[in-house]
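The values are calculated or read from the model by the stated rules, or taken from the named source; none is laboratory data. What you see is a predicted model, and the numbers here were worked out from it, not measured in a lab. With ideal geometry, Cβ positions are generated from the backbone for all residues, glycine too; neighbour counts draw on all protein chains shown. These area figures cover heavy atoms from the full protein model, side chains too; ligands, DNA and RNA do not enter into them. Shrake-Rupley method; radii C 1.70, N 1.55, O 1.52, S 1.80 Å.
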Amino acid sequence: MAKKTNNSDTESINSITAKIDVRSGMDIESLKQAVTEHLFYQQGRNIANTSLNDMYMAVSYTIRDRLLQREHKTMNAVFENDARLVSYLSAEFLLGPHLGVNLIALDIFDAMKQAVEELGFNFGEIMAQEEEPGLGNGGLGRLAACYIDSLASLQIPAIGYGIRYEFGIFDQEIRDGWQVEKTDKWLRKGNPWESVRPELAVNVNFGGHTESYTDSGGKVYFRWKPAYKVTGIPCDTPIMGYHVPSCNFLRLWKSEAEESFDFSSFNQGDYYKAVDYKVKSENISKVLYPNDEMLEGKKLRLKQQYFFVSCSLQDMMRIHLRFEGKPQDFHKRWAIQLNDTHPSVSVAELMRILVDDYSVDWDTAWDTTCRTFSYTNHTLLPEALEKWSVGLFAYLIPRVLEIIYEINHRFLTEVSRKFPGDEGKLSRMSLIDETGGKFVRMANLACAGSNAINGVAALHTDLLKEQVLHDWVEMYPKRFHNVTNGVTPRRFVVLSNPGLTRLITDSIGEKWPGKLEELRKLERFAGDSSFREQFRNVKLDNKKRLTALIKERTGIIVDPTSMFDIQVKRIHEYKRQHLNVLNIITRYLRIKRNPDIDIAPRTFIFGGKAAPGYYTAKLIIKLINSVGEVVNSDPDVKDRLKVVFFPDFNVTNAQIIYPAADLSEQISTAGKEASGTGNMKFSMNGALTIGTLDGANVEIREEVGEDNFFLFGLTSSQVDEAKHNGYNPGFLYENNEELREVINMINSGIFSKGDRNLFKPLTDNLLRHDPYMLMADYPLYVACQDLVAGTWKDPGKWDEMAILNVARMGKFSSDRSISDYCDKIWKVKPFKIR
Ligand code: NBG
């Protein structure tokens, strides 16, 4: 980093200005000059009339210059060396703000901060200008974002492919305790990170019919005569590796009409039709569907999937041919990862491109396809398994459906050869579900056309193999792998938690963010009282930061010295935010019964969005807010309990929330959460977990040690067993006094201004069906929360446990996950550029 210049020293100024490079310089003077030039030449501003947003834009353009340079160098090196590339196909990338992580990756955070401050601006305010690209719903999209970060940091040449939604996940407001959705206009003020590449546009067919034709040699081919085409325009965002020279990119497709007006309709006077086509084309990339783990089955969603898949595969084929590769050698150039089934129509689309566009024979094309793809499953919930009606497929992408039928025909022949007479297997494994209506099963398509299939945590992979994909294990045992999820410590520790970062670096050196196993070296500080004290102070500062934000966003005043007990994630019945509420009410009741009871102050913080059409999830949000209103204002409570629903949980807010947690709530019904990744972000920031044996909790507990994890609840096999034996939640209610009082209290209308019906749908469901076993886990959860409260009374012990959590989180860096994918699945190696 350059030293600040001394204005009186003209000689030194001259020597520095001589070196200033506004496009690539990394010293403070170069950065200042670059920012000023962007302001003036690109934005038509000078320092005197610069708004905060102008400044943010200029700073970002300055950084983008430096990223593009590195991106070009990386791509040139890839071409020169004929490297194999990874393609991560995902309908979602929940990126979060770019500026901070890019500064950290380039190692110029402090230099830029100083540059901006010398130009007269507050750096924090400038960073706060960025509208995060919320192009994802939750864990699945955020995982994709962590993975492209790690791919770049490990120097694996890779492109992320997805959709450039004009409106990402909705912004959440809370009104009268209810969720209200607001359009996410993230592009309103422009996006300085993206480069639009119209020269690389591609067209995608929709509708129409297919026809066959014969070449001069008598060979039969098929041709798709589409009703219309939609153009995909690539919008690229550089993805910089951490402290390495490599920079990859994310290519997101924006849809446009092939031509802006259909002049034939226009000339016939049908102006409306002409414009309608334009609108319909642009609609494809207009908005992200806000459902996670719930199929909506809308036509536009299938159009989105096919659109981005076709654009991406055409683009990859173009790149492959530029290397002078043969079309059938596509798999030698590309390893494509399917992030869930959303992009799984790829299997048929690559077949279409090879067979129809490049005349590759079917068997060769199938071999190429299977060697190209691998598929990650992210859920066991049956309602999330995608299927599309055959009618819709035939209407939108008729040629693709024909190809799926042909794949299925050959595939089922193979199945019946391997399992003669097993009709059940044939019907379950068929790519077409004919058990009632006809549907294309996207998971089956992905499994049939991939060389590797993986779950996202050890338990999830085991359950997949036992349950949902059992037939596939019997058919293709070697295809199955587990790759436990991970998260990037650059965003979720270095950027989010500068205090902890400083403390760790001062103690064990600076390598750990790129080599998270190094954190083990912290173990020896767990018993060191001065380290513990510093650790505790860092946590307190982070809690104060969150306290201020809570006050700003909700008006609620919380005590930063109270225990921050936090559950932030999508709102879903299986994640059981309402179990957390039952515990809060239990504690509230104990205070009401005995106002002098010794209860250490606790602040319960929730955050998360509910799918707009998911009524029960929205009612859970209302319940949290309603309980909060009563508890927070009850004088008997004397501030010992506070309940906060933090609105609009997104990546930006998450970066403030995770570092401030004392207790992390990971309380899903065992067997339902595929992995979870929030659990990792909390632990890395020194929170202790209260959790079930579900998803990656199992492995987190293994790593941190059972003494440093608050475990409770039924195991996934106990859950199955209880259901099998006729689970009776009503009986549990009758026989547990505390539980009965809690449920009765909700039904009494105390939390709903006397309305006894408001929360009835929730309580009735718990008493009669309770599919997620809250009633069974309730006593175990409350007892475990008592243990948590007891441990909290011994701060030294608590800090020791928390430090050990941080020290033992090495496994959960997304760098480890990506290395696993490279070794087990993609067979690619890092590609070091100088
Ligand atoms: C989610 C799971 C999480 C998991 C993420 C990332 C879907 C369909 N699945 O448990 O629910 O951590 O994927 O793998 O969103």
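Quick notes on this one:
- Evaluation of P830 against the conditions (1) modelled with pLDDT of 95 or more; (2) out of contact with any Asp or Glu (no Cβ under 9 Å at 6 or more places or on another chain); (3) not hydrophobic (A, V, I, L, M, F, W, C) shows that the sole unmet condition is (1).
- Screening V400 with (1) open to solvent by 60 Å² or more (accessible area, probe 1.4 Å); (2) more than 16 Å from the ligand (Cβ to nearest atom); (3) closer than 26 Å to Y228 by Cα gives one miss only, at (1).
- Within segment 732-746, the set of residues being open to solvent by 30 Å² or more (accessible area, probe 1.4 Å) and either part of a helix (DSSP H, G or I) or among the aromatic types (F, W, Y) (or both) comprises L732, Y733, E734, N735, E737, E738, R740, E741, N744.
- Listed by position, the helices (runs of 4 or more DSSP H) enclosed by segment 498-595 that each have at least 1 residues that are acidic (D, E) and modelled with pLDDT of 95 or more are 498-508, 529-554.
- Scanning segment 426-441 for residues that are open to solvent by 10 Å² or more (accessible area, probe 1.4 Å) and either within 23 Å of the chain's Cα centre (by Cα) or in contact (Cβ under 8 Å) with a residue 24 or more places away in the chain (or both), we see that the one that is farthest from K478 (Cα to Cα) is G437.
- The criterion of at least 2 residues that are closer than 30 Å to K672 by Cβ and either open to solvent by 10 Å² or more (accessible area, probe 1.4 Å) or away from the ligand (no atom under 16 Å from the Cβ) (or both) is met, among helices (runs of 4 or more DSSP H) falling completely within segment 324-390, by 346-352.
- Screening R164, R188, R142 for residues that are at pLDDT 95 or above and either within 16 Å of the ligand (Cβ to nearest atom) or open to solvent by less than 10 Å² (accessible area, probe 1.4 Å) (or both) leaves exactly one candidate, R142.
- Checked against (1) under 29 Å from the mean Cα position of the chain (by Cα); (2) at pLDDT below 95, D215 passes all but a single condition, namely (1).
- Where a residue in segment 144-164 is farther than 13 Å from T237 by Cα and its partner, wherever it lies, is among the small types (G, A, S) and modelled with pLDDT under 95, with Cβ under 6 Å and at least six apart: P157/A83
- Close pairs (9 angstrom Cβ cut-off, 6 or more residues apart or separate chains): among the basic types (K, R) in segment 363-383, outside any helix (DSSP H, G or I) anywhere: R371/A335; R371/N451
- Check on R371, over 24 Å from F206 (Cβ atoms) and touching a Phe, Trp or Tyr at 6+ places or on another chain (Cβ under 9 Å): yes
- Any hit, segment 260-281, residues being of a type in the set (A, V, I, L, M, F, W, C), out of contact with any Phe, Trp or Tyr (no Cβ under 9 Å at 6 or more places or on another chain) and closer than 30 Å to R491 by Cβ: no
- Screening the candidates L464, L459 for the property of being in a helix (DSSP H, G or I), surrounded by fewer than 24 Cβ atoms within 10 Å (Cβ to Cβ), under 23 Å from the mean Cα position of the chain (by Cα) and in contact (Cβ under 8 Å) with a residue 24 or more places away in the chain yields one hit, L464.
- Only helices (runs of 4 or more DSSP H) whose full extent lies in segment 762-827 are considered here, and the ones with at least 3 residues that are under 19 Å from R536 (Cβ atoms) are 774-792, 795-807.
- Looking at N485, N444, just one residue is touching a residue at least 12 places away in the same chain (Cβ under 8 Å), in a loop (DSSP other than H, G, I, E, B) and within 25 Å of the chain's Cα centre (by Cα), and that residue is N485.
- Scan of segment 535-587 for residues that are under 29 Å from M745 (Cα atoms) and basic (K, R), ordered by number: K551, R553, K569, R570, K575, R576, R587
- Those residues of segment 441-457 which are within 13 Å of the ligand (Cβ to nearest atom) and hydrophobic (A, V, I, L, M, F, W, C), in sequence order: M442, A443, V456, A457
- Scanning segment 125-139 for residues that are open to solvent by 10 Å² or more (accessible area, probe 1.4 Å) and over 26 Å from S24 (Cβ atoms), we see that the one that is farthest from the ligand (Cβ to nearest atom) is E125.
- Scanning segment 99-118 for residues that are open to solvent by 30 Å² or more (accessible area, probe 1.4 Å) and touching a residue at least 60 places away in the same chain (Cβ under 8 Å), we see that the one that is nearest to the ligand (Cβ to nearest atom) is D107.
- The one condition in (1) away from the ligand (no atom under 16 Å from the Cβ); (2) within 29 Å of P830 (Cα to Cα); (3) open to solvent by less than 30 Å² (accessible area, probe 1.4 Å); (4) modelled with pLDDT of 95 or more that I148 fails to fulfil: (1)
- Of the residues making up segment 605-617, just one is of a type in the set (F, W, Y) and either more than 24 Å from the chain's Cα centre (by Cα) or part of a helix (DSSP H, G or I) (or both), namely Y615.
- Residues that are open to solvent by 30 Å² or more (accessible area, probe 1.4 Å) and at positive phi within segment 191-214 comprise just one, G208.
Here is a yes/no grid of residues against (1) under 21 Å from the mean Cα position of the chain (by Cα); (2) of a type in the set (G, A, S); (3) under 15 Å from T231 (Cβ atoms):
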residue: K280; (1), (2), (3): no, no, yes
residue: Y289; (1), (2), (3): yes, no, no
residue: E296; (1), (2), (3): yes, no, no
residue: L313; (1), (2), (3): no, no, no
residue: D340; (1), (2), (3): yes, no, no
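- When each of R520, R593, R536, R524 is tested for being over 19 Å from K793 (Cα atoms) and under 32 Å from the mean Cα position of the chain (by Cα), the lone residue that passes is R520.
- Residue check for K797: closer than 24 Å to A144 by Cα and open to solvent by 60 Å² or more (accessible area, probe 1.4 Å): no
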